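Trainee: Okay, here's the structure, questions in a sec.
The values are calculated or read from the model by the stated rules, or taken from the named source; none is laboratory data. From a predicted model like this one, the values you see are computed outputs, not experimental measurements. For neighbour counting, all protein chains shown are included, and Cβ atoms are generated from backbone atoms with ideal geometry for every residue, glycine included. To get the accessible areas, we keep the full protein, side chains included, count just its heavy atoms, and leave off ligands, DNA and RNA. Shrake-Rupley method; radii C 1.70, N 1.55, O 1.52, S 1.80 Å.
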Amino acid sequence: MSSQKNQRELKVGILGATGTVGQRFIVLLSSHPYFKIHALGASARSAGQAYVKATKWKQSTPVPEFVREMVVKECKSSEFQGCDIVFSGLDHDVAGPIEKEFAEAELAVFSNAKNYRRDPLVPLVVPLVNPSHFDILPNQRSHPSNSSLFTKSLNKGCIVANANCSTTGIVVPLKALEDAFGPLDKIIVNTMQAISGAGYPGVSSMDILDNVVPYIGGEEEKIEWETSKILGGFTDSDKTAFDLHSQSPMKISASCNRVPVLDGHTEVVSCSFKKQPPPTPEQCIEVLRKYTCEAQDLGCPSAPKEVIHVHDEQDRPQPRLDRYYQNGAGVNVGRVRECPVLDIKFVVLSNNVSIGAATSSIMNAEIAVAKGFV
């Protein structure tokens with residue numbers, strides 16, 4: 001196992017620093033061993049103010065002292081000189097051109113926004129699943145003639161995208177099962193998603209209290225196509241594009257619901273395997289418990305000790321009890337059992353503001369550093 005204990009300090013910036021995801025970045029990075037917060041960016045109306053005055057802090061811990069008086073900057077690359085890495089918690093409405101401008105200014109951008117997830121040269125990385133997709137970055141930077149991503153070739157700049165928070169939770173156990181038992185055939189997932197996934201102020205209390213909202217715009221489509229990109233490989237040995245599981249029979253049907261839970265997405269998954277007979281629940285549990293990831297092998301400080309924690313209790317996982325296990329960096333699985341319609345069904349809980357957002361970006365950056373891409 002390699003180690004990052006002697007890794008030199010790297011200066012990082014945070015875009016969208018006053019928002020929900022930006023605040024979570026600050027909490028996680030305030031104690032990071034080698035990523036050091038150097039600049040905070042937000043909208044023009046917040047620029048020029050001390051951070052503590054510019055933000056409505058919603059985290060359960062206080063604003064870190066060294067951040068309180070940092071002056072918020074506009075989200076322009078010229079304001080982030082000296083940074084090695086930029087974490088973006090920007091809303092998708094503004095993220096596209098800003099993230100592109102930062103990458104073309106030779107900054108490595110790790111984005112939570114959806115804008116570039118579909119781009120064939122942008123790796124969509126869940127750090128517990130597919131860090132091998134970083135291998136496309138040399139092609140992203142070389143600006144192939146068929147790409148409209150950047151206007152020039154780059155040396156250090158790049159864009160790496162996080163998956164959607166609901167996608168992130170399910171692809172981890174699906175990856176473990178597919179590695180062990182071969183291609184998946186069909187997947188049905190029903191989500192019960194926390195209100196923090198809608199940002200701040202999010203869903204009106206009149207809409208969510210004593211209620212379940214059976215629609216989250218665009219969410220079902222994201223799960224259905226993102227899963228294929230994440231679980232796919234490269235189409236060729238030159239690593240110029242991703243195979244969106246085009247050769248696999250895997251089909252996904254997602255139904256997404258917003259529920260009155262603060263943090264933690266719960267997802268009920270049923271799946272079938274191409275190879276029959278399917279594995280037993282006991283075989284699946286063993287594989288899920290033993291699953292490891294490259295972030296652990298690389299000694300990434302944000303990697304969980306257990307990628308997948310499998311609960312024996314019949315009524316777990318539960319958001320209130322399990323969302324901050326391992327600081328929300330892994331996923332929780334329970335109720336693994338036979339499915340009378342497909343083959344196997346189970347429940348997944350993931351922390352949508354941690355592994356579903358900020359923690360994924362930070363771990364992705366750690367992996368990129370360890371692999372020499374940053």
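Trainee: For Lys152, go through the aspartates and glutamates and keep the ones whose alpha-carbon is under 12 Å away, minus same-chain ones fewer than eight residues off.
Mentor: Candidates past the 8-residue exclusion: Glu101, Glu104, Glu106.
Trainee: By its C-alpha gyration tensor, with a ≥ b ≥ c as the square roots of the eigenvalues, how is segment 219-341 shaped: rounded for a/c under 1.5, else prolate for a/b larger than b/c, else oblate?
Mentor: Rounded, since a/c falls under 1.5.
Trainee: Accessible area of Thr280, 1.4 Å probe, to the nearest 10 Å²?
Mentor: Rounded to the nearest 10, that gives 60 Å².
Trainee: Right, something else. Pick from Asp297, Asp243, Asp322: which is most flexible by mean-square fluctuation in a GNM of the chain where alpha carbon atoms under 10 Å apart are linked?
Mentor: Largest GNM mean-square fluctuation: Asp297.
Trainee: Between Lys56 and Tyr34, what length in nm is gained on full extension when 0.36 nm per residue of separation is reduced by their alpha carbon distance?
Mentor: Length gained between Lys56 and Tyr34: 5.2 nm.
Trainee: Separate question: For the chain, what does -39500 (n - 2.57) per DSSP helix run (n ≥ 4), summed and divided by total residues, give at 222 nm, in deg cm²/dmol to the nearest 500?
Mentor: When only DSSP H runs of four or more count, the value is -7500 deg cm²/dmol.
Trainee: How far apart, in nm, are two points set 7 Å out from the Cα along the Cα-to-Cβ line at Lys76 and at Ser142?
Mentor: In this crude spin-label approximation the distance works out to 3.5 nm.
Trainee: Also, quick follow-up: Please report the antiparallel percentage of DSSP beta bridges with both residues in segment 11-154, rounded to the nearest 5.
Mentor: Antiparallel: roughly 5 percent of the beta bridges in segment 11-154.
Trainee: Over the chain, what percent of the accessible surface lies on carbon and sulfur atoms, probe 1.4 Å?
Mentor: 49
Trainee: OK, next. With every protein chain kept in place and ligands, DNA and RNA left out, what is the accessible area per residue of the chain? Probe 1.4 Å, answer in Å².
Mentor: Per residue, the chain has an accessible area of 43 Å².
Trainee: Another question, then. Between Gln314 and Glu69, what is the label-point separation in nm under the 7 Å Cα-to-beta-carbon projection?
Mentor: 5.9
Trainee: Would you list, by chain and number, the lysines whose Cα falls below 23 Å from the Cα of Lys56, excluding same-chain residues fewer than 8 positions away?
Mentor: Within reach: Lys36, Lys73, Lys76.
Trainee: Next question. At 0.36 nm per residue, minus the direct Cα-Cα distance, what do Leu262 and Tyr215 gain on full extension? Give it in nm, one decimal, please.
Mentor: Gain in length upon complete extension: 15.2 nm.
Trainee: Which of the pairs Lys305/Lys345; Lys239/Lys371; Lys11/Lys156; Lys156/Lys371; Lys229/Lys290 have their Cα atoms more than 18 Å apart in this structure?
Mentor: Pairs exceeding 18 Å: Lys305/Lys345; Lys229/Lys290.
Trainee: Taking the DSSP beta bridges in the chain as the whole, what percent of them are antiparallel, to the nearest 5?
Mentor: Of the beta bridges lying entirely in the chain, close to 40 percent run antiparallel.
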